[in-house]
1. Kindly give the distances from B:Thr127 to its copy-mates, label point to label point, with each label point 7 Å from Cα along Cα→Cβ, as nm values to one decimal ordered shortest first.
2. Percent antiparallel among DSSP beta bridges with both residues in the protein assembly as shown, to the nearest 5?
3. Calculate for chain B the 222 nm mean residue ellipticity that helices alone would give, adding -39,500 (n - 2.57) per DSSP H run of length 4 or more and normalising by residue count, nearest 500 deg cm²/dmol.
4. For a quick check: sort A:Cys279, B:Cys228, B:Cys341, B:Cys332 by the number of other beta carbons within 10 angstrom, fewest at the front.
5. Among B:Val158, A:Val318, A:Val281, which comes first, then next, by fewest other beta-carbon atoms within 10 Å?
6. Can you give the % of DSSP beta bridges in segment A:2-268 that are antiparallel, to the nearest 5?
7. Got the B:Asn245 label distances to the other copies yet, label 7 Å along Cα→Cβ, in nm, shortest first?
8. Fully extended, how many nm does the chain gain between A:Tyr395 and A:Thr358 (0.36 nm per residue separation, minus their Cα-Cα distance)?
Number of protein chains: 2
Amino acid sequence: MIKEIKGGICAVDGVKAFGIKEGKKGLAIIAAKGNAAGVYTKNKVIAAPNIVTKDKLETNGGYLEAVIVNSGNANAFTGEDGLKDANEMANTLAEKLGVDSKYIAVASTGVIGRKLHIDIIKEQINTVLPNLSSSEKANEETMKAIMTTDLVPKGFAVEAETALGVFRVGGITKGSGMIEPNMGTMLAFIYTDAEVKSDILKTALKEATSKTFNRIVVDGDTSTNDICLLTATGKSGVVIHSYENTIYTEFQNALEAVMKELAKMIAKDGEGATKLIECTVTGAYTEEDAAIAAKSIVRSPLVKTAIYGNDPNWGRIVAAAGYSGADFDQACISLVVADGCNQVSLVDKGKLTKNDETTLANLKKVMSAETIYIEMDLGTDGKKAATAWGCDLTYDYVKINADYTT
Amino acid sequence: MIKEIKGGICAVDGVKAFGIKEGKKGLAIIAAKGNAAGVYTKNKVIAAPNIVTKDKLETNGGYLEAVIVNSGNANAFTGEDGLKDANEMANTLAEKLGVDSKYIAVASTGVIGRKLHIDIIKEQINTVLPNLSSSEKANEETMKAIMTTDLVPKGFAVEAETALGVFRVGGITKGSGMIEPNMGTMLAFIYTDAEVKSDILKTALKEATSKTFNRIVVDGDTSTNDICLLTATGKSGVVIHSYENTIYTEFQNALEAVMKELAKMIAKDGEGATKLIECTVTGAYTEEDAAIAAKSIVRSPLVKTAIYGNDPNWGRIVAAAGYSGADFDQACISLVVADGCNQVSLVDKGKLTKNDETTLANLKKVMSAETIYIEMDLGTDGKKAATAWGCDLTYDYVKINADYTT
């Protein structure tokens, strides 16, 4: 059984954290020893901290002692200097903690193409380090320290009760478009007190990422700095040493539950967003087909603007699925739009349902909710499904991204 | 030698056309006998007129006598009724012209998922038909009849002087986002008075489309109704019967010149647009790589909003190339942004050029032009290049697409 608990990453035994935000420049440190795994941006223009962290986790046996994160400067497209600065961030923290630097991960978010102010970061390390704690307040400050254009701090944690005992999974994240002002990015730091081998962690994280963080779209831009790290402290005594046992599934479920909530928080806090869009595509030949159709719908600027304006142009949803690359026959699809209480059927197995003024008025009403659910059945023999999340496209999105420095 | 001439499609010998626009409902008829070829939307949700026209050209030996086009209703996602209506449009015109209906192409643009008012169209046929003419005015009325949210009518024609004689190519198009209010689409009708076999026409059209209409991005939505038809009347006496001769290259160049101008007109008239973006990527391993990088840049909402706001966040351009899928090393790329007169170098072979306040101020100035040129050299051993066109993303784009029915 999985239940939500308070405290974010600090709810996980073995995790201490703290952070500060001074103007646009923030610094967070998370100390937690254990096996670790990471997933990173696929952008060819990969930021220096991502290169450094990825390299460490590939060569240090998959183990971390701490993570250091700065916000305000992405340390991306900064060449050799950038790599030097990312390493210096890690080395400085390693020295102060008295651990080997190869176990210190580093992440950055903020403006691209500008040299890091390493001196400011060094000063901030001195301020943050004495305050590391496992309190709720410490989690709060850490969440705030990594924010850029985010309007709300983002964290979530669960406790899983299993036959083998109780374990926890907690995570924090930041992200709100591609942000600040040059694609700051999404960062996420997830912790569990289960004991998990690093190769199993890697598989679990990859699997969960594909179903959560890789299913959200704010503006369709992929950043240079995306990173998600998962560390297992093992403090709970629950041991996951094989993919075969029920406990692995229970762990995967807990991990996905945390990451899904964090993903939805990012979509809901998308730049300028006023609504969350949850799109579920069923009846696809493959899960990948379902996912690309769902993501195509929540990525479509026409769907996003229509939802912003409560404009009942449902045809845009059908068209976005049509060009997604998913395999289906338009004569077989069904479409429902809902707000959690009421639902409006628009297409049933390729045929328009009663598409009169009342239907469009009902659709308009449903679209005015805070969360809009789009349910499309592709009607193929395959019964695969996937869900994606996004937000509406508003004047404020344009404002935030056009007027940032003016 | 290729030179621009007046008159659009009506400048091409053998073409007569006319159109009317009554409120949102427009009808155009273009009569021109000759070998013909088409390219169509790749959307799985393909509109009825596209299905009908594609089927005819695949089975009638590649020959057309006339094209009938309505605007205001896309006749898309309309099932069996839609196919019946599309055929009836063609049959009605065929009967009045006294030709076989299999030689009549049909196209539609406008709202999706609504039944066509075939009676209105029949009445409009009676009004349009007596006015068919090859005058400049007739071309003008035809261009206007197929518009939806377009702000300007779009047509272009050239005359090519060759060793084998003079021939002309003219085209008209409509498109301005995915439009009206449900992805109306892009339509294009191109004519030449060269005599060209239909298989050669097909190759030439496909090739030119890949370099022109497939290189523009307004909002990244693919419509259900996209269609581009090319008809060769043969009236000039210039004969193109093989790919081997110089004359084929000259024909291809003239065709591309027309289609490129039409493509740029669509991008410039993108919904809410205030600026045209022309992005050329060089130094790619393949032309496809260059094209996907260039299109990724002009599609990026962050690049588009930055250009709208004259915000010198050039890092967004680099990041958009990075996630495009094009193969390159960030340490080798160069980036220049220009306005036609002045240019600002931002990155040279992976290194930031003098990235000071003056550079950013110059960039801001260049970005305030009506046409912004982005030039990126990927710096690979391959020397392939491609150009793509797009427009900025503005408050008005959101307004047009969010508030259409409210």
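Every read-out reported here was derived from the displayed coordinates using simple, explicitly stated rules and does not represent laboratory data. Just so you know, these numbers come straight off a predicted model, no measurement behind them. Heads up, the Cβs are rebuilt from the backbone with ideal geometry, glycines too, and the neighbour counts pull from every protein chain shown.
1. 7.1
2. 70 percent
3. Estimated from H runs of four or more residues: -10500 deg cm²/dmol.
4. Details: A:Cys279 29, B:Cys228 26, B:Cys341 7, B:Cys332 14.
If I rank by nearby Cβ atoms, fewest first, I get B:Cys341, B:Cys332, B:Cys228, A:Cys279.
5. Taking fewest neighbouring Cβ atoms as first place, the list is B:Val158, A:Val318, A:Val281.
6. If I count the DSSP bridges inside segment A:2-268, around 70 percent turn out antiparallel.
7. Listed shortest first, these distances are 7.9 nm.
8. Working: separation 37, 0.36 × 37 = 13.32 nm, distance 2.87 nm.
Full extension of this stretch gives 10.4 nm more.
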